[in-house]
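Written out below as structure tokens is the structure these notes cover.
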Amino acid sequence: MAAQHRTRAAPIATGNGGVDPQACYVYGIVPAGTPLPDRLQGVTDPSVPVELVGRGRVAAVVSTVPADRPLGTAADLRAHADVLDTLAAARNAVLPMRFGAVLRDTETVTEDLLDPYEEEFHDALQEIEGHAQFTVRCDYREDELLREILVDREDIARLRDDIAALSEEAGRYHRIRLGELVAGEVAARRDEDAAVLADCLAPHAAAIAPAEPGVAEQGFSAAFLVRDGARTEFEQAAEGLARRWAGRLRVRLLGPIAPYDFAARIAGTAEGDG
């Protein structure tokens, strides 16, 4: 997406005659005239107001930041997400910018971001208006998962028992083989359960974005774009699945949050060139 990189900041004169180098941090794009909640706190300094810079039918959500202070602390990341998620929770359409989007000043925001992409931003905001993202994260309870595998796969259980009677050296190859078999079974169950998650919640969502799990990851997650009017039904369906998997999987529902997993696909704007 455009302007997803730090650019050179212009110095701004301070009241004591010195120069305070400031830049403009961009959180996301919203429809023009979107009301901003009072409790929004910006990155680097919670006392700095979060404001709108508008152009036509869209506006950028911004705040000033010191141009010479690197971004990337945990507090900065939380502040970035809190601004976007607070807007989404208040049922506002918002296209998140990638963390660290900094431009020279508000004039640059207008000229380099809003002017060239107003039409794309407006169309994208129209598409997600009345929706928010919910993310469902599922983590296996490892002891229960291993018990399931040993019950269902007699060959794995037998190999495990055989290894117990072998020395460290003699059982080395068998332990490697056991690890491979268990990992394969975990991956198969993860794929199967991820499909169940999607099937159960898809009727209550406008779009789904499954996360690609890591090779060693023993869990799975998916993001759902949910219409405001379907939030209750979606949450009830997620709670029903959590009860169904109780003791086997820990199911966490995160949201409503900004549509991080859908904004780039929907907006389709050009990436910043660094």
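Considering only residues that are part of a loop (DSSP other than H, G, I, E, B) and either in contact with a Cys (Cβ under 8 Å, 6 or more places away or on another chain) or open to solvent by less than 50 Å² (accessible area, probe 1.4 Å) (or both), which ones fall in region 242-262?
Scanning region 242-262 gives Trp245, Gly247, Arg248, Ala258, Pro259.
Name the residue, out of Asp105, Asp76, that is more than 24 Å from the chain's Cα centre (by Cα), among the charged types (D, E, K, R) and over 25 Å from Leu225 (Cβ atoms).
Every option except Asp105 fails the conditions.
Condition check ((1) modelled with pLDDT of 95 or more; (2) open to solvent by 50 Å² or more (accessible area, probe 1.4 Å); (3) part of a helix (DSSP H, G or I)) across all residues:
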residue	(1), (2), (3)
His174	no, yes, yes
Asp191	no, yes, yes
Leu201	yes, no, yes
Phe234	yes, no, yes
Gly240	yes, no, yes
Arg265	no, yes, yes
Gly274	no, yes, no
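So, Ala195, is that one farther than 30 Å from Asp261 by Cα and either part of a helix (DSSP H, G or I) or of a type outside the set (Ser, Thr, Tyr) (or both) or not?
no
Does Glu185 fit the bill of being touching a helix residue (DSSP H, G or I) at 6+ places or on another chain (Cβ under 8 Å), of a type in the set (Asp, Glu) and part of a helix (DSSP H, G or I)?
Yes: the conditions hold for Glu185.
With respect to the numbered conditions (1) surrounded by fewer than 19 Cβ atoms within 10 Å (Cβ to Cβ); (2) within 21 Å of the chain's Cα centre (by Cα), which one is the sole condition not fulfilled by Glu118?
All conditions pass for Glu118, except number (2).
The values are calculated or read from the model by the stated rules, or taken from the named source; none is laboratory data. Because the structure is predicted, anything quoted here is derived from the model rather than measured. With ideal geometry, Cβ positions are generated from the backbone for all residues, glycine too; neighbour counts draw on all protein chains shown. Only protein heavy atoms, including side chains, enter the accessible area calculation; ligands, DNA and RNA are left aside. Shrake-Rupley method; radii C 1.70, N 1.55, O 1.52, S 1.80 Å.
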